[in-house]
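The values are calculated or read from the model by the stated rules, or taken from the named source; none is laboratory data. Just so it is clear, the model here is predicted, and its values are computed rather than measured. Cβ placement follows ideal geometry from the backbone for every residue including glycine, while neighbour counts extend to all protein chains displayed. For the accessible areas, the whole protein counts, side chains as well, though only heavy atoms, and no ligand, DNA or RNA atoms are used. Shrake-Rupley method; radii C 1.70, N 1.55, O 1.52, S 1.80 Å.
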Amino acid sequence: MKAYDLVIIGGGPAGLAAAAAARENGIESILILERDRELGGILNQCIHNGFGLHTFQEELTGPEYAGRFIAMVEELGIEYRLHTMVIDISPDKKVIAMSREEGLFEIQAKAVILAMGCRERSRGALNIPGYRPAGVYSAGTAQRLVNMEGYMPGKEVVILGSGDIGLIMARRMTLEGAKVKAVAELMPYSGGLKRNIVQCLDDFGIPLKLSHTVVDIDGRERLKGVTLAKVDEKGKPMPGTEEYYSCDSLLLSVGLIPENELSRGMGVEISQITSGPVVNESLETSIEGVFACGNVLHVHDLVDFVSEEAKAAGRSAASYIKGINKVSDGRVIRLVPEGGVRYIVPSSICLERMENKLTVRFRVGAVYKKAAIAVYYDGKLAARKKRLIMAPGEMEEICLEKERLLKEENLKNIVICIEEEKAQEGMG
Amino acid sequence: MFDVIIIGAGVVGCAVARELSRYNAKVLVVEKCEDVCCGTSKANSAIIHAGYDAPRDSLMAELNVRGNEMMEELSKELDFPFKRNGSLVVCLEEEDRPALKELYERGVYNGVKGLRILSRKELLELEPNIQENAVGALYAPSGGIVCPFHMTIALAENAAQNGAEFRFNTMVKKITREEEAWRLETESGSFLSRCIVNAAGVYADTFHNMVSSQKIHITPRKGEYCLFDKTAGSHVTRTVFQVPGKYGKGVLVTPTVHGNLLVGPTATDIENREGTNTTQEGISQLLAKAQTTVKELPLRQVITSFAGLRAHEEGHEFIIGEASGAKNFFDTAGIESPGLSSAPAIGVMAAGMIRDALDLKEKENFIAERKGLLNPAALSLEERRALIREKPEYGNIICRCEMISEGEIIEAVRRPLGARSLDGVKRRTRAGMGRCQSGFCCPKTMEILARELSADMLDITKSGGAARLLVSSVK
């Protein structure tokens, strides 16, 4: 059996950044396992620009952004295998993988970083009624077909879901000569970044129909059309508001789900809310020496933050392999999401192992205007940060400083919540 | 001139073809779709009923019990997944107890073995996820689950192995009598046959009524279903029915042979014989009903929903035999539930009638066994390693959710009666049937199909006909 200090599952942005950081922190024996035909993950099909503003202070396309990290990994001489599917990881970190070239093989790892990314929610998960014709695609599949395989999945398009991939694909399909008739969004607000709504819909005059959903899919063989309807506050379609759109394709951008089949298989504790592993300050899962980062941990909006998080996971894995930063007193502070905050990553902090600064990421559950992020240390207000607007589609973060936390005697809980200003404007 | 032409390559048509292929006869199966198992056989509960439900002294009861008894051996002979997981009919109201008792007695009368009435305590021990307010249940250990795709494909492949011919995309337009034979006008030519088997599912009345003055009428009865992810597959281990009570017939909750959880069906009579669309009301109705018997149903784990049409005949009885006034035209009509369970027995019965009518003789070289697709997941690590060494395509995983390799997809296409579309590959290999519902593997499977069929990517379809997946190349 082969043995490596660190095995990284997935060669997308998270896996690449984690590998580079681990190498820079002194780990020589690293192996990245990637199931696709090249490194870079989903970025390879994201040929639009807008990547890297935080990391490189310039605007790159997805492949360019990935390229920089691939170059880094190549320069550092980190080993990787392509076309390689991991089929099982045991709790004692034995990885079983297979590929055409090497067949079925086992690897013993000292530490594992989970970086498998996420997948798209499918039509079935939404129970959209109607027929099941050709022409119904998840937006990411359509993106792969257009950008990587060179095929158009349709020429008259309706998109359900205004997540970023849906918005990006509305523009992409338009640029390729298709007619995008509408983007329907179940919620009263878009799940995508504001800049994408402007650049991908508004600039092309594509209508965004908020509080709308698909209530029927027509066409037995190839899609003929869909029926959109307005929904009430509970998301239920309102009778009488149905409108038929003839189209030959329906793209779904209705949410991403971290791909944690391997994590579950090895017994890693999974959060019900993020569908990703529960991790501590080191991004370590419930199994010692198994770390998670990127979209497998929680779905991100910007790849820059994936890279940042992955670097932290790489550093933590390096410390673990080198046997430093072992815990002595095991004092643990819990991070608790309350009032308006859906989840927080990580969910606990071991002060002893914490780096000097720790970025804590979270999402809000609704749109807030002129509200504040409040942080409480065992019930005592510790920080309050005003924000003009917060939305579920944009990840929030705060930074915790070790020095400050050490000053708190016997700190047990850090609560993060959203506090609305009293005289708040109506949402309209 | 054929000896027998079978109209319809569903489970019944294929079962009849397989049984007929035991004899020295020239057999042709014509099917309007591009593949076997495209109608009623493809979208149903995938249940092998025990046989307590069918009316006493009915053909349904007889063939159900016989089909159930045949299933074990048949599944081994033809290598398709079948599991005798047992079934439960849960009683939720004291007032429905007589109905439970009646089911028990009817079952005993019908010849179902091992039936037992369970107390509430016994029931909850057996199935902890049944609602606490259940008062008891009928337990039928002989109830089972099957893969209807694999069963139908297995019957068809075995029939083909033994010389039966299949023609797809061949819709029958007209049937006329000529002196000593029947003439079938189809979309792709006209055929003569001494004998015809009408196994046309929801269209069986159309063909029957072309040749017989004693008309029948089939009503498509829609059943909608929700399929759950494998993470929910062990929510129940037996097939859980509801006692038909004041809220109607109820829906079932069952594991599938592949480890998913299946919930359904609804029952709505419709006009459209191709009306396999799901509806908002249907889905919410069936999920609500299922939750009356099973608690904590993980609704977030639904991965797809679908609808199938049962071929309901007004008399609610299988119509098997020579149509009145139409010599050598044999019906297998009105095959609604328990049709899948009964199919093997229907095959034997219909083939027997035809053997007698045409005086067919048994072949000496009939091949009774058929081997299914190679399933690498069933191999040991060592065997799998050896397989990939020899055939590297088995090391290339195409469908991540179900872990299906390129090797399996290639085999599905290359087999006799092989897959021609994405759905064809899906039914044979499960590629695309998992939680992402082909999001990742669809482009790769299309590529393999195009390569194997020497077809253009633009001509690859989801399910044959006009179901093309792509519209053009990027300019």
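Among the residues of the range B:22-62, how many are buried (at least 24 other Cβ atoms within 10 Å of the Cβ) and of a type in the set (Ser, Thr, Tyr)? Qualifying residue count, the range B:22-62: 4.
Taken over the range A:268-292, the criterion of being more than 17 Å from A:Gly117 (Cβ to Cβ) and either away from every other protein chain (no Cβ under 14 Å) or polar (S, T, N, Q) (or both) is satisfied by A:Glu269, A:Gln272, A:Val278, A:Asn280, A:Glu281, A:Ser282, A:Glu284, A:Ser286, A:Ile287, A:Glu288, A:Gly289. Taking the numbered list (1) more than 9 Å from chain B (Cβ to nearest Cβ); (2) surrounded by fewer than 20 Cβ atoms within 10 Å (Cβ to Cβ) in turn, A:Arg100 passes all entries but (1).
Against the criterion of being in contact with a Gly (Cβ under 8 Å, 6 or more places away or on another chain) and modelled with pLDDT of 95 or more, B:Asn129 does not qualify.
The helices (runs of 4 or more DSSP H) falling completely within the range B:87-175 that include 3 or more residues that are farther than 27 Å from B:Arg22 by Cβ and in contact (Cβ under 8 Å) with a residue 40 or more places away in the chain map to B:97-110. Among the residues making up the range B:255-274, those that are β-branched (Val, Ile, Thr) and open to solvent by less than 50 Å² (accessible area, probe 1.4 Å) are B:Thr256, B:Val257, B:Val263, B:Thr266, B:Ile270.
Considering the range B:237-267, and only residues there that are farther than 24 Å from B:Phe149 by Cβ and not in a loop (DSSP other than H, G, I, E, B), the residue that is farthest from the other protein chains (Cβ to nearest Cβ) turns out to be B:Gly245. The single condition among (1) farther than 21 Å from A:Asp216 by Cβ; (2) within 10 Å of chain B (Cβ to nearest Cβ); (3) touching a helix residue (DSSP H, G or I) at 6+ places or on another chain (Cβ under 7 Å) that A:Pro129 does not satisfy is (1).
Counted as qualifying within the range A:350-397 are the strands (runs of 3 or more DSSP E) with 1 or more residues that are over 24 Å from the mean Cα position of the chain (by Cα), namely A:368-377, A:380-390. In the range A:199-219, the count of residues that are open to solvent by 40 Å² or more (accessible area, probe 1.4 Å), within 14 Å of chain B (Cβ to nearest Cβ) and assigned to a strand (DSSP E or B) is one or more. Cβ-Cβ contacts under 6 Å between residues 6 or more apart (or on different chains), taken from a first residue in the range B:429-448 that is at the interface with chain A (Cβ under 10 Å from one of its Cβ atoms) to a second residue that is in a loop (DSSP other than H, G, I, E, B) and basic (Lys, Arg), are listed as B:Phe440/B:Arg400. Of all residues in the range B:428-464, those that are touching a His at 6+ places or on another chain (Cβ under 9 Å) and either at positive phi or surrounded by fewer than 23 Cβ atoms within 10 Å (Cβ to Cβ) (or both) total 1.
When restricted to residues that are open to solvent by less than 60 Å² (accessible area, probe 1.4 Å), within 25 Å of B:Arg56 (Cα to Cα) and outside any strand (DSSP E or B), the range B:279-323 contains 4. Does the range A:138-158 hold any residues that are within 8 Å of A:Ser249 (Cβ to Cβ) and either open to solvent by 10 Å² or more (accessible area, probe 1.4 Å) or at the interface with chain B (Cβ under 7 Å from one of its Cβ atoms) (or both), and which are they? A:Pro153, A:Gly154, A:Lys155, A:Glu156 - these are the residues of the range A:138-158 that are within 8 Å of A:Ser249 (Cβ to Cβ) and either open to solvent by 10 Å² or more (accessible area, probe 1.4 Å) or at the interface with chain B (Cβ under 7 Å from one of its Cβ atoms) (or both).
Pairs meeting the criteria (first residue in the range B:449-461 and away from chain A (no Cβ under 13 Å) and within 15 Å of B:Ala419 (Cβ to Cβ), second residue part of a strand (DSSP E or B) and open to solvent by less than 40 Å² (accessible area, probe 1.4 Å), beta carbons under 7 Å, at least 6 apart or on different chains) are lacking. Scan the range A:242-260 residue by residue and report those that are in contact with a Ser or Thr (Cβ under 6 Å, 6 or more places away or on another chain), within 11 Å of another protein chain (Cβ to nearest Cβ) and open to solvent by less than 20 Å² (accessible area, probe 1.4 Å). Correct list: A:Leu252 only.
Anything in the range B:368-379 that is more than 10 Å from chain A (Cβ to nearest Cβ) and either over 22 Å from B:Thr152 (Cα atoms) or touching a Lys or Arg at 6+ places or on another chain (Cβ under 7 Å) (or both)? List them, or say none. Residue satisfying the conditions is B:Leu373 alone. Confirm whether B:Val425 is open to solvent by less than 40 Å² (accessible area, probe 1.4 Å) and farther than 19 Å from A:Thr84 by Cα. Criteria met by B:Val425. Selection of the range B:128-152 for residues being among the β-branched types (Val, Ile, Thr) and open to solvent by less than 10 Å² (accessible area, probe 1.4 Å) yields B:Ile130, B:Ile145, B:Val146, B:Thr152. The C-beta contact set for the range B:198-218 (first residue free of Cβ contacts under 8 Å to residues at least 12 places away in the same chain, second residue open to solvent by 50 Å² or more (accessible area, probe 1.4 Å), distance under 6 angstrom, 6+ apart or interchain) comprises B:Asn209/B:Lys215.
Within the option set A:Ala383, A:Ala391, being modelled with pLDDT of 90 or more and open to solvent by less than 30 Å² (accessible area, probe 1.4 Å) holds for one residue only, A:Ala391. If the condition is being of a type outside the set (A, V, I, L, M, F, W, C), farther than 24 Å from A:Asp36 by Cβ and either more than 10 Å from every other protein chain (Cβ to nearest Cβ) or in contact with an Asp or Glu (Cβ under 8 Å, 6 or more places away or on another chain) (or both), then the range B:462-475 contributes B:Ser463, B:Gly464, B:Gly465, B:Arg468, B:Lys475.
Condition test on A:Ser286, is it open to solvent by 10 Å² or more (accessible area, probe 1.4 Å), closer than 23 Å to A:Gly191 by Cα and assigned to a loop (DSSP other than H, G, I, E, B)? So A:Ser286 fails the test.
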